[in-house]
Every structure is written in structure tokens, then in C-alpha cells.
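The values are calculated or read from the model by the stated rules, or taken from the named source; none is laboratory data. Bear in mind the structure is a predicted one, so any value in this text is a computation, not a measurement. Positions of Cβ are backbone-derived with ideal geometry, glycine not excepted, and every protein chain shown enters the neighbour counts. Each accessible area value is taken on the protein alone, full model and side chains, heavy atoms only, with ligands, DNA and RNA left out. Shrake-Rupley method; radii C 1.70, N 1.55, O 1.52, S 1.80 Å.
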Amino acid sequence: MERPAWAPEEIDLTKPSVARVYDYYLGGSHNFAVDREFAAKAIGMWPELPVIMQANRAFLRRAVRHLVESGITQFLDIGSGIPTVGSTHEVVRAAGSEAGVVYVDNDPVAVAHGRAILGDDPRTVMLGGDVRDPLGILESAAATGLYDPARPVAVLLVALLHFVPDEENPAELIAFLHKHIAPGSRLVVSHASADGEPERAAEHQDLYRRRDAPMHMRSRDEVAAFFDGFELAEPGLVFLPEWRPEAGAAPEAKPGRFTGYAGVGTRT
Amino acid sequence: MSSRADDASPGVAGLGAAAPAAGDLGTPAAPVPGVSGVPTFAATGLDLPAPDVLAPDALASDVRTPDALAPDAPAPDGHGPDGDRPDAGTPDAHTSASAPSIDHPAAPDALGTFGASVHDEFAHEWAKIVEGASYVPLPADEMRDYLRELTYRLSDSLDADPFRPHEARDVGEALVAAHFTGTGTLERTFGLIGEWWPRLRAHAFSQQRDPDDYLLRVIQIQGALAAGYAEALRTRTLAEQQAIHAAVLDARALTEQALHTSEARFRAVFEQSGLGIAIGDLDGVILDVNPALAQMFGVHQTELPGRRVREFMLADDPGHVWEWYEELARGEREHFSAEKRYVRADGEPLWTHLTVSLVRDSAGGPRYQVAMIEDVTDRHRLYTRLRHQAQHDPLTGLPNRALFFERLEAVFERAAGSVGRPSGADRVGLCYLDLDGFKVVNDSLGHDVGDQLLIAVARRLDAYVSRAGHLIARMGGDEFVVLVENSAGTGQVVALAEGILGALREPFRIRGHDLTVSASIGIVERPVAGTGPADTMRAADITLYWAKSEGRGRWTVFDTERNDREVARYTLSAEMPAALHHGEFDVDYQPLVSLADGSVLGVEALVRWRHPRQGLIGPDRFIGLAEETGLIVPLGMYVLERACREAQRWSGSAEALGAPAAAPFISVNLAERQCHEPGLVRQVERVLAETGLEPERLQFELTESQIMATDGGPLERLRELAAMGVRIAIDDFGTGYSNLAYLRRLPVCELKIAGSFVEGLRKPGDADPVDARIVASLVELAHALGLTVTAEGIETAAQAERLRAIGCDAGQGWYFSRPGPPDRIATLLDGVPRAG
Ligand SMILES: C[S@@+](CC[C@H](N)C(=O)[O-])C[C@H]1O[C@@H](n2cnc3c(N)ncnc32)[C@H](O)[C@@H]1O
């Protein structure tokens, strides 16, 4: 597998960006007209989308808190997006942890933004990188000094893998990561799925495809297979809001509406 | 929000219905009556600075940016529609993205009517309606706590005296700070307050407040909340917009810089590389070359672009290079490497290590070819020189044996590899040459002169042989070899050998000495098919040996038959020790018969070899070999032992018959080598003792020449044997030179006349008179010396009769009996009448 080291792609502001559209769903303003138009179209098709995205972000929050509490001291957040509201390092710091946080994204604007706002946190960095080059990511992460390959790390692939088609062999990428991270490391995955709403999901995929950031919904079994070599923590691979809901949260009437799976596994 | 103050039920109906449905958002609302100074919800966003900065047209109803609600907000600064620039309205510095912490004033219940549970209830409903509009990074219960705090602050400011509506601004700001930034957050909040108006009104009554006055308070509080919220949101939006724009610029700058750096890096590599680099298109036209490449070729950098790669094709290019090149140009091969020669502008060879790679565009289609050329000329020269050194003799400069064998092997490989040629068409010739008496030159005139002579000889040989187009190599010492490839026949090679001998005939003048040298040459000339280089070389070596042993200054041609004979002899002699060990040697017996009365006087023991593959082999074929190798000593002893044992058996049976004197003696051949054995006498004594045979019954036969040459130790041994009583006979008498006087000194008691004399007496009637007379004189002479005479090779009765008439004592030959197994003799002894 010959792959050039990560190089920023052309920045084309006439196209919406996954990272900025996501920010819009979360209620942020790190976005442009094209992003919002895109989001509007998506919402027109699927009004719950912002809620789904927020549920994803809430899962990220709960998972990171849980990992801090279980003693993880370094985080590798791949496909982190713009480190906007509720991002990993905020959750980590709010939980009173000094853990190192390495963000990686292949969106150059997200990277530049991250660099700008993370300047005064010496324990957080933002790197440009592509999940399809896991070796490059691990090497440059280690070079920052915030990731020690000898110690367990939490690798976050949250709302990322559905942007990696089968041809790129996401399972192989995870297997590579699995091989190179220390035992006791964690894998955090959330993944869009059509299991809940097959028809609307198909339409939605189509929209992303047109934007040349195709989305690849996967079934529960397919997502579960990514945890090969990892032991899933309670409650296993579940719909986003079902993963360790916080006390006091309203029980979700129909979790399938949140058509995304989430899980955290420990490298054995 | 279209409630009217003068509605029938202004409070409940008005505010209660005020909660706008999402679909209403675009509808311009009527001003809230009776509340002067409080702006209306224009809420269209039309007057926003720029759609890109704040709200896209598609989301024009986004109420997140209700600037109009904020009377003291900075005026829109009228950016163009593409307002990407981040300088739109510098936001207030106090806006923070991080979650706020709220210092809640203590004891809200001091107000009396609104208990904690009421605040809880409001906060709970509030959380439900704003949730989902945006992401708030708090767990559900924390979010509710947060909103409860805000509820307390609202109710505090509502009930405060004097009235402090502006405190509600902070609540608006706090909402944004906690990221309650979603569309509709404010409307939903006001809708909730509207729903709560009846309870607020009741509360006013209970507080003895004027409900209208209280309503005004509520409206003012809402206004302040809206203003605080709007300003905070606007500030935050602007900050985020500015941040994202800055990020775009940064990212762009970074990308450009990366591009620029990689371009500059490439340029630097291209210009400064010591490696020659050429870029060509897929048609094979050179587009660009770097200075290193131009320098290698000895041209100016501008001379190569435009020329075609194929112009650089040379006849000695490895064949596959251009095949690979074509594949690469077609996009079927990514790269290849090869060693290739070029020719510099000045005609000098340029040896290179070449790597050509295909460059594809981002879609994967072939675009360019890039050649990296390393100048390995020096390395190549060094290699060539080392190779030359490894293949040449440092003294004479001639090719050495390594090169010679390489070429010789190539001759055979070529023949093996050539198909379709009639076999035997390829012939090869070798002249293996060795100077005669070179050692003498070296020893007498010194190595220096010897070396000079070798150099001179080499030069002359080279001049002669190379002219004829053949390879001459020095094999070491004073040996040289000439390889004749594609020989036309033995004649050609013989002529060459004669030419070489002729060329050497002229004396060499070395350091004042005139040295004449001659050489011996072994010639092999044969078809290539059916032999190999090692075999051919061995043949040349043997032939040189033959030439040398036949005399010097001559050539000899390899003779297959002679070689085969020598090989066969060699093989036999090599097999003999094992044959002796395995008992392959047998002894046959032939009687010596009295011509006077036909009695058996003696028996000759004759050794035979029952060879497992060659059958019965006579002594004439192996005794000579056994003498050469020394095996004759154990073989002779073996025969002696067997023969004596048989002879003793015969004596035994003669005794049994009451005629012990009639027992024949046993006659055994004694080889020269055996006579030289110091232990001979003792061994004979031992055999006699072991077998019990009396010494008088043992006779040793020695050849005439052997007897004559006997002297010293051997003679002493013969005398000792004779003294013991052992008979000594001279075998084949008459074939050699005999010094008769000498014969007297020897302890001989019998002569055996060679069969060649007897031959002349064979035919009845006309016997050869000369032979008859010679035999007669021999017999006479022998008798005069007191010797008995036995004639060998008697085949006819006539011969026997004549010899008897001449006076010969005994006869041996087929006429009497062929050699045979010991039992034959035993029968013979029983049947033949004995003498005496
Ligand atoms: C939906 S966002 C998820 C953000 C964050 N992980 C979360 O779940 O809250 C997906 C992010 O993945 C990034 N991304 C997409 N493909 C990627 C790839 N091949 N390598 C790295 N990042 C990628 C996008 O730029 C985007 O920022």
C-alpha cells in the first residue's frame, strides 16, 4: 500500500465541508453559506439530523468522561473535526485530567482552526492527517510528545468510519492500529447506520455522495466487526443514546431514530 | 410573537399564544404594544451584515441573529454579499465559548410565593423546549441545574425593588455562553413565559402588585433577556466566523507554502543533484534535463531538450532495456533499472546506471517519464581493469589460465547451445606447449634471466599465434596453451604447432646470452560434441607428456587408442591388489615331460587372472604391470605357496605308490623384483617348512636377462637358495644376450630353450636346418656345463622326436599337455609310467 504522506488538499470554499456542516448541526457558526445550504437540504430530508449529530457529540462526551475515569491518559482523536463546542480536550480538562490530546483531521481548515484555538493548551495539539495512513498518524502523534506508544491510548474514530469506503478497507486500518497501540488501549467508534431508517438513510448517503464525501452506512454486524481484537465495554455496541446514558436523561422512546451505533472496546 | 396588549385577555391569550411555531418564523411580527422602546421581532435577518457571515438566505428565518432586538448592538456595517472578510464588526472581548459558571444569589425562596419546586418546574420545562436546538455540552441534569439558576436570576430580577430589568441581560448572555445557540431558543423561551403568565399574574396579586405593572415588568425582562442573548450570540457568531475565516486563510497559506516548498525543493534537487535527471514525455521526447546530466554528456543543458530518447540507443545495449522502455511508455511498467553505455559529445564512452520511472497524474494516467542517470564510468573502468588483471598473467601480459578456461568453456557451451547445426561441425584444437630444459636456464643463469626468457618467448608466441587469430595463454611456469576455435581439422593445428616450433628456433638474446630453446607440444584436435573442456585439457596434458617422453622439440597428436591402452593398463594395475585379495588369481600347471621315457619330471606353475568382467587374463598382460607396481612380490609368494602345496600332494601320492623318487618337482617363476627382496630366502624356507616340500622338488625359473643382470644381494640370494638344494632354471634361453662365462658362476642347473627355436623343428621331414643346429649346440653347451635342457613350446610328435634325437632332456608344450588344474597333473602322474 503506497500512500503519500498527508498533504493538505486544495481548499475549495464552493464545496461544503463535512467538518463545518457538522459544526452547524451542533449550533456553531464555524461555517459558510455553502455548508448551511447543504445542511438545510439534509434537514429538509431528515429533520432529526441535528438531533442525531448532537446525540453523537453527547456520546463522545460520555465516552471520553468514562475513559478519563477509567484512567486513560492519552487521546488520539482521528477525524476530530473543528474542535468546537464539547470537543474531546474540553471534556478531558473539565473532568480534571491533564491527559494528552492529539487531534487529527484531513480537513485543512479544521486543522488550521484547531491550531489557532489550541495555542495555549500545551497538552493538546492538532495535526493534519488521514485515517487511511495510520502509520503516518501514529508517527506524527508520537513526534508531538503527547502520545507515548508504550502506554495505553484511547483512539477515537467517532463519526469518521462512514467516510471510509470498503475499498479503502477500514477493517485493515483498524487492525493496523490494533497492532501498534499498547494493550489496554481503547477504541471508540460511532458509525452511521441505515438499520433504523433504511430509506431516508439511502437518500442521505446520496446527498453526501454528490458532495464527494460519500457516506457509507454500515449494518450493526459490519460495525461490530471493527472491534475485532477489542473487548467491548458495557453495554456493547448500541444506538448512540443507549451508550451509558447519564442519570436523569429522558429515556429515548425510539432509539432507532438515532441511526448510529456506538461502542468502546479495550485492546486485548 | 404577535400578542397585543389590548387583547381581550392580553396576558394569557397574548403571551400564551405567543410561542411561535417554526413555520411562523419568517412572518414579520407586529410590534408589542404598550412596550415602548422594546423592539419588535423583525427576525428576518435581512439587515444582517452579510449572508455569509451571519445567516444564509436559505436560513433567513434563523432567529439566532436577531440584531434588531439589541438596541445597543453595533450597527450593521454593510458588508457585501461575499463578505468573507473576518473584520465584520469586532465582537466584544468578553464573549467566551467556554461554559459559564453562575454565582447564584442565595435564598430565592425569600420571595415567599415562588418555592424551589416552582423554579424546578420551570427549569424542567425550559430544558425540554430548548433541548435539541443546539448541542449543549452538559449532561441532562447539569443542564437542568444550569437553567434553574437562570430561572432564579430571572425571578429575582422580576421581583426586585427597585426593578432591575437589565439583570436579565446577563441571563441572555449566559444562555449563549452555555451554547444554547440553536434556532428558536429565544422564541421557545418567551413562549414558555407566555404560558406561565397566569401563574405570574397570580403571583403578582399575592405580592400586592399591579398585574399590568407586573406584565410590563415581564415584557421588559424579556426585552433585556433578548438583548443580552442577541448581543452575546452576535458576538459569538462573529468571533466564530472570524475564526473560521482566519482558519481558511491559514490553511490556504499553508497549502500554498507546502506547494511552494515542494516545488522549490524539487527545483533544488533537480538543479543541484549529482545524479543526472531527465524528464521526457510519453512519445520519448526529452523535455528537460538537469545540469548534472548535461555535464555527464558533455553538452550544454539546452542541447538535449527536444531530442528523442531513442537516439541514444546503442548496439550493445542489453536487449531487454528497450523492451522495458516501450512497456513503460505504454503505462504497463512503473520503472526499470539497467546498466547502459552512452556516448559523450566528445566520443568518450559514458557508462551509467540508469533508472527510468513512469510518472502518473492524479487520475492515474501516465504523464511523464523520468530518467535518473548515475555516471559509473570510473567504476566501470576499475571493474574492467580488475577483470583484466584477474585474467592476465602479470609477467608476460598474456591471458592466464582463468581466461583460457573461460574461453574454452565458452566454446563448449556455445556448441551445446546451438540448435539446428549438424553435430560434429564444431571442432576445437589445443596446442599444449612446454619449453624443453627451461629449468636448466633458471638454475644456471638465475630467475631473472629465466623470467626475461619467458617474456621474450611469450612475445614471440603471441606475435605468431595472435596473428593467426588464436588465443594464447600462459598456464604457469613455462607452459603455454593455444586455443584454436572453429578448427578446420588436425592438419591446421599441426601446421600451427610446426609454425610455433619454427618461431622458437631463432635464438633469444637475453642479458648477453644467446639462448636456444625448443619446446614440446601436445596437440588435441577433435569435434566439440561428445567431449568437454576438462576432458580435452586432460588429453592435451597427456599428449604433451608423450611428446616430452618421445624426445624434445617435437609435437605429438593425441591418439585415442594409445590413450585407451594406457587407460586399460592403468585400470588393470589399479585393480590388481583387490583381485589378489579376492582370490581372483589362479594357478594352472603344465608338465615337463622326459623325452627319453615320457615320465613327468616336473610341473610348471602358471598364474592366471580370472577377471570378473574381462574373463581369463594371461600372465603376459599383467605380470609386467605387477612388476611395475611391486605387486609381483605378494603375488609371487601367493603362487609359490599354492604351487608348493600341490607339489607336496603329488609327492605324497608318489610315496604312497612306493615310488617317492618319481614325484615331479614344481617349477615357479621368480621375478626380478622378488630377487631384490631381502626376506626372499627366509620366506621360501618358511613355505617349504609349512608345506613339507623338499627343497630339491622346488625349481625357480628366471629369465636369461634377469640372470645376467643379477649381482650383489640378488646373486647372494640365488646362491643361498641353490645351497639349500633349490633348483634354478633359466627361462626362455636363447632370446637374450648370454655371457656364457658368467653362466658358470651361477648356481643354475637347467636351461629352458625358448619356443621360437623349437618352432623351426615343427614340420615333419623338412626341419629348418639352422634351428636344428642351434638347438643342438645349445644342448651340447648345456650338457658341457652340467645343465639339463628342457625345450618349451612342443606342439607336435615330430618336434618331440627331433628334440629327443638331438639329446634334449625334457619337453613342455601342448603336445604333452596344456596347462590345467592340479587334478589333471594328479591323473597324469597316476597314468604315466614312471622312470626307474
Ligand atoms: C462528522 S465529523 C466528526 C467529528 C468528531 N469526531 C465527532 O464525532 O464529534 C467527521 C470528521 O472526519 C473528518 N474526516 C473525514 N474523512 C477523513 C479521513 N479520511 N481522515 C481524517 N479525517 C477525516 C472530516 O473532515 C470531519 O471533520
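None of B:562, B:509, B:526 is farther than 27 Å from residue B:440 by Cβ and either among the hydrophobic types (A, V, I, L, M, F, W, C) or modelled with pLDDT of 90 or more (or both) except B:526.
When residue B:284 is tested against (1) away from chain A (no Cβ under 14 Å); (2) within 35 Å of the chain's Cα centre (by Cα), exactly one condition is not met: (2).
Against the definition (surrounded by fewer than 23 Cβ atoms within 10 Å (Cβ to Cβ), farther than 21 Å from residue B:170 by Cβ and within 9 Å of chain A (Cβ to nearest Cβ)), how does residue B:239 come out, yes or no?
On the way: surrounded by fewer than 23 Cβ atoms within 10 Å (Cβ to Cβ): yes; farther than 21 Å from residue B:170 by Cβ: no; within 9 Å of chain A (Cβ to nearest Cβ): yes.
Answer is no for this residue.
Listed conditions (1) open to solvent by 10 Å² or more (accessible area, probe 1.4 Å); (2) away from chain B (no Cβ under 12 Å); (3) assigned to a helix (DSSP H, G or I) are all met by residue A:61, apart from (2).
The single condition from (1) within 21 Å of residue B:554 (Cβ to Cβ); (2) in a helix (DSSP H, G or I) that residue B:472 fails is (2). Selection of first residues in region A:222-251 that are closer than 26 Å to residue A:179 by Cβ and of second residues that are at pLDDT below 90, restricted to Cβ pairs under 7 Å at least 6 apart or on distinct chains, gives the following pairs, ordered by first then second residue: A:223/A:193; A:229/A:268; A:230/A:268; A:231/A:268. Residues of region A:108-139 that are within 12 Å of chain B (Cβ to nearest Cβ), buried (at least 22 other Cβ atoms within 10 Å of the Cβ) and in a helix (DSSP H, G or I): A:108, A:109, A:110, A:111, A:112, A:113, A:114. Please work out if residue B:205 is away from chain A (no Cβ under 11 Å), over 24 Å from residue A:128 (Cβ atoms) and open to solvent by 40 Å² or more (accessible area, probe 1.4 Å). Yes: the conditions hold for residue B:205. Scanning region A:86-107 for residues being within 11 Å of the ligand (Cβ to nearest atom) and surrounded by 24 or more Cβ atoms within 10 Å (Cβ to Cβ) gives a total of 6.
Residue B:193 falls short on exactly one of the conditions (1) touching a residue at least 12 places away in the same chain (Cβ under 8 Å); (2) under 30 Å from residue A:87 (Cα atoms), and that condition is (2). Residue B:233 - would you say it is facing chain A (nearest Cβ under 10 Å) and modelled with pLDDT of 90 or more? Criteria met by residue B:233.
So if I check each of A:136, A:119, A:114, which one is within 11 Å of the ligand (Cβ to nearest atom), closer than 30 Å to residue B:241 by Cβ and small (Gly, Ala, Ser)?
A:114
Can you tell which of B:598, B:530 is part of a loop (DSSP other than H, G, I, E, B), on the phi > 0 side of the Ramachandran plot and open to solvent by 70 Å² or more (accessible area, probe 1.4 Å)? Of the residues listed, the single one that is part of a loop (DSSP other than H, G, I, E, B), on the phi > 0 side of the Ramachandran plot and open to solvent by 70 Å² or more (accessible area, probe 1.4 Å) is B:530. On the stretch given as region A:38-58, residues that are surrounded by fewer than 17 Cβ atoms within 10 Å (Cβ to Cβ), facing chain B (nearest Cβ under 10 Å) and in a helix (DSSP H, G or I) total 4.
Filter region B:155-168 for residues that are surrounded by fewer than 22 Cβ atoms within 10 Å (Cβ to Cβ) and touching a helix residue (DSSP H, G or I) at 6+ places or on another chain (Cβ under 7 Å); which is farthest from the other protein chains (Cβ to nearest Cβ)? Only one residue tops the list, namely B:163.
Would you check which residues across region A:148-158 are closer than 18 Å to residue A:126 by Cα and open to solvent by 10 Å² or more (accessible area, probe 1.4 Å) and list them? Give the derivation first.
Kept after step one, since they are closer than 18 Å to residue A:126 by Cα, are these residues of region A:148-158: A:148-149, A:153-158.
Once the filter is applied, which keeps residues that are closer than 18 Å to residue A:126 by Cα and open to solvent by 10 Å² or more (accessible area, probe 1.4 Å), region A:148-158 yields A:148, A:149, A:158.
Among all residues of region A:68-81, there is none that is surrounded by fewer than 23 Cβ atoms within 10 Å (Cβ to Cβ), away from the ligand (no atom under 12 Å from the Cβ) and at the interface with another protein chain (Cβ under 10 Å from one of its Cβ atoms). Tell me yes or no: at least one residue of region B:620-629 is free of Cβ contacts under 8 Å to residues at least 24 places away in the same chain, open to solvent by 20 Å² or more (accessible area, probe 1.4 Å) and among the acidic types (Asp, Glu). Among the residues of region B:620-629, at least one is free of Cβ contacts under 8 Å to residues at least 24 places away in the same chain, open to solvent by 20 Å² or more (accessible area, probe 1.4 Å) and among the acidic types (Asp, Glu), which makes the answer yes.
Selection over region A:69-93 of residues that are within 15 Å of the chain's Cα centre (by Cα) and assigned to a loop (DSSP other than H, G, I, E, B) gives a count of 9.
With respect to being among the basic types (Lys, Arg), touching an Asp or Glu at 6+ places or on another chain (Cβ under 8 Å) and open to solvent by 60 Å² or more (accessible area, probe 1.4 Å), residue B:565 falls outside the description.
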